[in-house]
Amino acid sequence: MVGADQVLSLPWLAGPLHRALTTARSHALLVQGPAGVGQFDLALLLAQSWLCETPLSAGPDSGRACGLCASCKLFHSRTHPDFLLLLPEALREPLGWGGQEAEGGRDGEAKASKTKPSREIKIDAVRAMLAFSQVTSARGRAKVVVVYPAEALNTVAANALLKTLEEPAGLLRFVLASSASEGLLPTIRSRCQPVPLGLPARGDALAWLQGQGVEGPDVLLDAAGGRPQEARDWFESGLRATAWLQLPQRLARGEAAALADWPAPRAIDAMQRLCHDMLRLAHGAPPSYFPAQALPPPTSAAALHAWAAALRQAARHAEHPLNGGLLLESLVGQGQQALFRPGKPPARRS
Ligand SMILES: [Zn+2]
């Protein structure tokens, strides 16, 4: 019988999942690679597979969760007693885990106040994990802790995790996932077996985006640097391929209105991508995020470097700009200088 999980919601995870299931030697795995390609999904698939009571046994699916057994059903209903998720509060809603009461999550006091949800995984969550680790496995297959994203562990929490990571009791296993694994404590990294997860093949990513109803998937996939989940999220938050294609010329004309509807971090990120592509053109390399024909002719690398520095500076404060509108206008103004040189004949493009 074919289980519901035979069909993966992110089809390109089949290979990495199979490799991880068949080569896992350590009780702790670290999924690492770019964001936006399904790290969290892969971590959950690994957890479900280890907890599954009748995992598939044939061919390339062997070891994968059946999707049908009691354990898989508990996993899907997010009530599996042998599963614990450590997630920053700020990611619970976006990842669809908002309904579940966080282990060691927001306490009553924080809930009552209007505190901004934390982007960190704090010591309380690791303490809850330690308590979880002491309890005998309810269903006897395994006990699994998923930590996502691992770089969200603050220093105190990471240090508290170390010992358990080194000598987990009984059936306890860990999956950490990170798109910034170089920022993890070396002692955390060294206790985990790496599971690399790179960009999916372009054809797979485009097929998936089409299935998600994303229009102009090729443009948006390039815009997102080949990360399909990011491209889907951008589309769902209102970005359209035509707007992306028009952005370079509009900014070259100094039209700040081109970014008016975008949240500041997204607008700054888009300008950084454009600046990156213009710098590549200036050095004779093909652009990454925009098609060459959407870009203005190559301009001075010096002006682009100055724009890049201003954008980097702005990106550091993008979450809470003092005056988002003014900041964007100034960045667009600087961008116009970098993108357009009056009096210069347009350089030839390939
Ligand atoms: Zn199962």
### Query
Which of the residues that make up segment 170-216 are in a helix (DSSP H, G or I) and under 21 Å from Ser237 (Cβ atoms)?
Ala205, Leu206, Trp208, Leu209, Gln210, Gly211
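Yes/no matrix, rows are residues, columns are (1) surrounded by 19 or more Cβ atoms within 10 Å (Cβ to Cβ); (2) part of a loop (DSSP other than H, G, I, E, B); (3) within 16 Å of the ligand (Cβ to nearest atom); (4) at pLDDT below 95:
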site: Trp50; (1), (2), (3), (4): yes, no, yes, no
site: Thr54; (1), (2), (3), (4): no, yes, yes, no
site: Cys72; (1), (2), (3), (4): yes, no, yes, no
site: Phe75; (1), (2), (3), (4): yes, no, yes, no
site: Leu91; (1), (2), (3), (4): yes, no, no, yes
site: Gly98; (1), (2), (3), (4): no, yes, no, yes
site: Glu109; (1), (2), (3), (4): no, no, no, yes
site: Lys116; (1), (2), (3), (4): no, yes, no, yes
### Message
Are there helices (runs of 4 or more DSSP H) fully within segment 242-340 with at least 1 residues that are of a type in the set (Asp, Glu)? List them.
### Response
264-282, 324-339
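Right, Ser133: at pLDDT 95 or above and either among the polar types (S, T, N, Q) or part of a helix (DSSP H, G or I) (or both) or not? Step through it out loud before you land on a result.
Details: at pLDDT 95 or above: no; either among the polar types (S, T, N, Q) or part of a helix (DSSP H, G or I) (or both): yes.
For Ser133, the condition - at pLDDT 95 or above and either among the polar types (S, T, N, Q) or part of a helix (DSSP H, G or I) (or both) - is not met.
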### Task
Check Ala231 against each of (1) assigned to a helix (DSSP H, G or I); (2) in contact with a Pro (Cβ under 9 Å, 6 or more places away or on another chain); (3) of a type in the set (A, V, I, L, M, F, W, C); (4) assigned by TED's automatic domain parsing to the domain that holds Ser330 and name the one condition it does not meet.
(4)
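For segment 34-48, give me each residue that is within 15 Å of the ligand (Cβ to nearest atom) and either farther than 24 Å from Leu209 by Cα or at pLDDT below 95 (or both). Let's see the steps before the verdict.
Step one: list which residues in segment 34-48 are within 15 Å of the ligand (Cβ to nearest atom), which gives 44-48.
Ala47, Gln48 - these are the residues of segment 34-48 that are within 15 Å of the ligand (Cβ to nearest atom) and either farther than 24 Å from Leu209 by Cα or at pLDDT below 95 (or both).
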### Task
Answer with yes or no whether Gln272 is within 29 Å of the chain's Cα centre (by Cα), within 15 Å of Asp222 (Cα to Cα) and surrounded by fewer than 22 Cβ atoms within 10 Å (Cβ to Cβ).
yes
### Message
List the residue pairs whose Cβ atoms are under 6 Å apart, where the first residue sits in segment 285-311 and is under 24 Å from Leu221 (Cβ atoms) and outside the structural domain of Leu251 (by TED's automatic domain parsing), the second is among the polar types (S, T, N, Q) and not in a helix (DSSP H, G or I), and the two are 6 or more positions apart or on different chains.
### Response
none
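Being at pLDDT 95 or above, among the hydrophobic types (A, V, I, L, M, F, W, C) and under 20 Å from Gln246 (Cα atoms) narrows it down to one residue among Val175, Val219, Val195; which is it? Before the answer, list the steps.
Numbers: Val175 fails: under 20 Å from Gln246 (Cα atoms); Val195 fails: under 20 Å from Gln246 (Cα atoms).
Exactly one of Val175, Val219, Val195 is at pLDDT 95 or above, among the hydrophobic types (A, V, I, L, M, F, W, C) and under 20 Å from Gln246 (Cα atoms), namely Val219.
Could you list, in sequence order, all residues of segment 210-257 that are at positive phi and either in contact with a Gly (Cβ under 9 Å, 6 or more places away or on another chain) or crowded, with 16+ Cβ neighbours inside 10 Å (or both)? Before you say what the answer is, go through the steps one by one.
Here is the first cut: in segment 210-257, the ones at positive phi are 213, 216, 225-226, 238, 254.
Correct list: Gly216, Gly225, Gly226, Gly254.
Would you check which residues across segment 151-168 are outside any helix (DSSP H, G or I) and either within 18 Å of Pro88 (Cα to Cα) or in contact with a strand residue (DSSP E or B) (Cβ under 9 Å, 6 or more places away or on another chain) (or both) and list them?
Residues of segment 151-168 that are outside any helix (DSSP H, G or I), as a first pass: 153-154, 167-168.
Of everything in segment 151-168, those that are outside any helix (DSSP H, G or I) and either within 18 Å of Pro88 (Cα to Cα) or in contact with a strand residue (DSSP E or B) (Cβ under 9 Å, 6 or more places away or on another chain) (or both) turn out to be Leu153, Asn154, Pro168.
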### Task
Spot the failing condition for Leu30; the list is (1) surrounded by fewer than 22 Cβ atoms within 10 Å (Cβ to Cβ); (2) in contact (Cβ under 8 Å) with a residue 60 or more places away in the chain; (3) in contact with a strand residue (DSSP E or B) (Cβ under 9 Å, 6 or more places away or on another chain), and only one is missed.
(1)
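Could you tell me whether Leu95 is of a type in the set (A, V, I, L, M, F, W, C), in the same structural domain as Val146 (by TED's automatic domain parsing) and without any contact (Cβ under 8 Å) to a residue 60 or more places away in the chain?
Numbers: of a type in the set (A, V, I, L, M, F, W, C): yes; in the same structural domain as Val146 (by TED's automatic domain parsing): yes; without any contact (Cβ under 8 Å) to a residue 60 or more places away in the chain: yes.
Yes.
The values are calculated or read from the model by the stated rules, or taken from the named source; none is laboratory data. Remember, it's a predicted structure, so these values are computed and weren't measured experimentally. Methodologically, a virtual Cβ is constructed for each residue, glycine included, from the backbone with ideal geometry; neighbour enumeration extends over all protein chains shown.
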